[in-house]
Amino acid sequence: MLALSFLELNSTLALNLSWTGLKQRAGLTEAKSGAGVSAEASSVKCKLQGAARLPAFSMDGDYVIGGVFSIHNYMHTVKHNYTTMPEPLRIDSRELRFSRAMVFAIQEINNSSKLLPGITLGYQIHDSCGSVPMAVRVAFQLSNGLEPVFYTGNNCSQSGMVMGIVGESGSTPSISMSRVIGSFNIPQVSHFATCACLSNKEQYPSFFRTIPSDQFQADALAKLVKHFGWTWIGAVRSDSDYGNNGMASFLDAAQKEGICVEYSESFYRTHPRSKIQRVADVIRRSTAMVVVAFAASGDMKILLEELSREPSPPRQWIGTESWVTNPDMLRFTFCAGAIGFSIQQSVIPVAASPVLTEFWEDAFNCRLGKNGIIMQYHCQDIQTLKSPYTDTSQLRITNMVYKAVYAIAHAIHNSACQKTNSTTQCDKHTRVESKQVLTQLKKVNFSQNGYDVSFDANGDPVATYELVNWQKSKIGSIEFVTVGHYDASLPVGQEFRINRNLTWVEGSTQVPVSVCTDSCPPGTRKVLQKGKPICCYDCIPCPEGEISNATDSPDCFPCPKEFWPNAERNKCFPKPVEFLSFDEVLGIILAAFSVGGACLAMITAAVFFRHRMSPIVRANNSELSFLLLFSLTLCFLCSLTFMGAPSEWSCMLRHTAFGITFVLCISCVLGKTIVVLMAFKATLPGNNVMKWFGPPQQRMTVVSFTFIQVLICTIWLLLSPPFPMENLTVYKEKIILECALGSAIGFWAVLGYIGLLAVFCFVLAVLARKLPDNFNEAKFITFSMLIFCAVWITFIPAYVSSPGKFTVAVEIFAILASSFGLILCIFAPKCFIILFQPEKNTKKHLMNKNYRQ
């Protein structure tokens with residue numbers, strides 16, 4: 001990297017600096033033996049209406065390189081009314097620095113003993129005045145080799161043969177120039193034309209550039225915007241090839257990254273002010289916090305001046321290399337915090353020249369007359385001037401000019417020089433055609449002062465950028481700070497890196513938010529708003545049973561069937577398993593009644609056994625009574641099998657045990673009812689029916705009825721037994737662990753058989769309820785059967801409609817209710833007489849026909 005200072009050639013330029021002194025300090029003497037003497041143009045102001053064929057800077061040489069820069073340009077649009085003088089063209093100090101960098105690079109090459117030894121390069125630098133017609137005129141002039149001076153001698157130089165052209169800065173002028181000089185195979189190397197369209201070798205075969213294509217910058221900008229989470233942005237662009245093509249590439253890359261653009265406005269510095277005002281108003285009224293500006297520096301300056309006239313909401317500016325590192329833009333302090341990509345920073349000196357006189361006069365508002373006489377007394381030392389020309393701390397694009405000159409020089413070197421052994425010999429009389437230089441330019445690959453220079457098949461260099469942030473310094477001024485890098489040659493995902501903290505709009509250290517809609521949190525999904533971009537959406541909670549576990553999820557997805565979402569609906573958790581447990585309140589209550597009922601049956605049996613010889617026990621068929629109490633005990637206890645976690649054995653046991661014990665119970669009651677009827681018949685004269693229904697027949701009746709139920713249960717268990725299952729349909733948010741019936745026919749056959757016996761018993765009890773004798777218990781059996789039937793008739797709809805574990809609870813309740821009904825109706829009156837009215841427990845009392853219970 002070069003370490004010389006630009007101010008080295010301007011250190012003594014003060015009030016007493018004369019034209020002669022300035023010319024002597026230009027350093028434009030003979031560079032090598034045989035070189036022509038430089039000739040500065042006498043006029044550097046170009047006029048759009050004039051011929052302007054003289055170059056702004058020129059020097060004769062063995063081979064000449066052309067240069068085209070917009071040294072003068074219009075900065076404001078003026079409507080000419082032909083009553084006042086038009087606004088004069090102004091010097092663009094940045095473009096002036098580019099031209100002087102080209103002069104310096106050529107002088108450095110001429111002083112080199114390695115590159116083009118013995119050959120002197122000349123230059124013709126023209127001012128295009130920022131005008132496409134003037135750029136085309138200059139292109140024709142350089143192609144035709146028009147000379148400012150006619151040479152009549154025999155030793156005419158080849159200074160009119162332009163080997164290559166450096167420039168133009170803008171994409172639109174470069175496109176126009178390339179279409180002209182491309183037909184003549186004259187290579188053009190631009191330092192600042194970044195339009196991706198210029199990579200098309202079919203249309204621009206002789207175009208090269210040392211600055212990366214906008215395609216790379218557009219991709220880098222899209223990645224930058226995505227990196228900071230900005231999905232809702234505004235976009236402004238120059239209405240030129242640079243702005244339109246660059247913005248088109250950016251919008252395409254942004255769309256791929258899921259970024260939405262609220263508005264995209266174009267403007268140009270020569271547009272009417274009303275057009276610029278309209279663009280400024282769009283920016284002010286927009287909701288997007290971030291604005292991406294793909295604009296030329298001159299255009300951007302006009303827009304920011306318009307925005308500065310009226311207070312505007314704070315905006316985070318994202319800039320391109322064209323304006324984001326232009327020192328002239330730092331005066332717009334409301335853009336502090338702006339970030340953008342720029343060319344890598346470098347340090348390059350720039351040679352002085354008498355052409356600085358005009359810049360000097362314009363900067364200090366003073367005039368130099370003939371012979372360097374100062375006409376006005378306002379001139380100062382140029383070292384005190386703050387200008388992009390004198391600022392050598394941010395030489396970025398200037399380095400691209402430097403590299404462009406060296407690239408053409410290397411191509412000329414490879415065309416005109418021959419390497420023999422360890423030395424290189426160059427013949428300045430060798431006629432080199434521009435087509436040869438074009439061919440060699442495609443092959444150049446060298447490193448100059450640490451800068452690598454080469455071109456790909458499209459004439460583009462390797463894309464590397466610095467990420468620049470506008471930060472306030474300790475003294476309050478805004479300065480450019482490099483905070484990161486972008487290298488397109490690195491693998492995907494590794495191109496972009498940030499290595500320093502950034503300062504944002506209004507000096508904030510927090511990344512500004514620029515979204516159309518806040519991100520949808522997990523547990524919701526995005527639903528696009530009708531008629532709006534994809535970045536504008538509503539956040540809808542996930543439906544029941546579905547989750548989303550990512551931010552901005554477009555869809556919700558259901559949990560697996562054994563899982564259920566949490567309250568936030570962003571995670572799936574295993575569903576709780578529910579069954580009638582011994583630990584819960586309902587289970588404890590039912591278990592207590594079950595055990596209590598069994599104990600009551602056993603206590604009753606104990607009372608009957610203790611008073612088994614008493615008349616009331618003997619008169620009520622004590623054998624069937626004990627068997628009935630035993631079956632009731634089993635009925636109470638079988639309800640316990642319905643509680644707890646179902647298993648294969650418990651599922652088969654609970655229904656079969658319930659069916660068999662209840663049939664045993666009803667069979668005993670039915671036997672007692674038949675005994676009552678038979679006993680009454682036996683009291684009639686000549687009737688001997690009791691011998692046909694004695695104790696053996698009673699036992700056989702109970703066994704027979706019970707055996708039928710055992711047979712039904714056996715067939716059920718063999719064909720399609722009950723089994724444990726996880727019921728996922730009753731409740732969506734939990735699993736009901738229950739016993740599946742296996743065969744519904746088997747289950748209802750068991751219940752149907754119990755119901756059939758109960759109805760039969762009820763009918764017989766009704767027939768026997770008005771029979772005489774105090775020992776007649778038919779009325780108690782009738783009442784117990786009435787309760788039994790009522791319970792089980794109610795059970796059917798309750799069982800079908802009860803959900804989950806309550807189905808089991810209903811069945812247990814029916815078992816307990818019917819069991820308590822039987823034991824209380826049949827045995828409670830007898831136990832009351834045995835324990836509390838023993839005087840009634842006599843044969844005489846029982847045989848008293850007038851007694852009615």
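The values are calculated or read from the model by the stated rules, or taken from the named source; none is laboratory data. What you are looking at is a predicted structure, and each value in this text was computed from that prediction instead of being measured. Note that each Cβ is placed from the backbone with ideal geometry, even for glycine, and that neighbours are counted across all protein chains shown. Note: accessible area is taken over every heavy atom of the protein model, side chains too, but ligands, DNA and RNA are not part of it. Shrake-Rupley method; radii C 1.70, N 1.55, O 1.52, S 1.80 Å.
Numerical summary
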item: Members of segment 599-634 found to be outside any helix (DSSP H, G or I) and either in contact with a strand residue (DSSP E or B) (Cβ under 9 Å, 6 or more places away or on another chain) or surrounded by fewer than 18 Cβ atoms within 10 Å (Cβ to Cβ) (or both), listed by number; result: 612, 613
item: Those strands (runs of 3 or more DSSP E) lying entirely in segment 381-491 with at least 1 residues aliphatic (A, V, I, L, M), buried (at least 16 other Cβ atoms within 10 Å of the Cβ) and at pLDDT 90 or above; result: 451-454, 464-472, 478-487
item: Among residues of segment 719-738, those that are β-branched (Val, Ile, Thr), assigned to a loop (DSSP other than H, G, I, E, B) and open to solvent by less than 40 Å² (accessible area, probe 1.4 Å), counted; result: 0
item: Selection within segment 134-147 - open to solvent by 10 Å² or more (accessible area, probe 1.4 Å) and either at pLDDT 90 or above or in contact with a helix residue (DSSP H, G or I) (Cβ under 8 Å, 6 or more places away or on another chain) (or both); result: 136, 137, 140, 143
item: Single match in 596, 587 (criterion: touching a Leu at 6+ places or on another chain (Cβ under 8 Å), part of a helix (DSSP H, G or I) and surrounded by 12 or more Cβ atoms within 10 Å (Cβ to Cβ)); result: 587
item: Filter result for residue 511 (within 30 Å of residue 472 (Cβ to Cβ), crowded, with 17+ Cβ neighbours inside 10 Å and either in contact (Cβ under 8 Å) with a residue 12 or more places away in the chain or touching a Ser or Thr at 6+ places or on another chain (Cβ under 8 Å) (or both)); result: no
item: Members of segment 663-700 found to be assigned to a helix (DSSP H, G or I), modelled with pLDDT under 60 and among the aliphatic types (A, V, I, L, M), listed by number; result: 682, 689, 690
item: Only one of 213, 249 that is within 27 Å of residue 401 (Cβ to Cβ) and open to solvent by less than 10 Å² (accessible area, probe 1.4 Å); result: 213
item: First in segment 601-616 and over 13 Å from residue 630 (Cβ atoms), second anywhere and β-branched (Val, Ile, Thr), Cβ under 7 Å, 6 or more apart; result: 607/834; 611/617; 611/834; 614/834; 615/842; 616/833; 616/834
item: Inter-residue pairs, beta-carbon under 6 Å, first open to solvent by 10 Å² or more (accessible area, probe 1.4 Å) and in segment 188-201, second acidic (Asp, Glu), 6+ apart; result: 196/214; 199/460
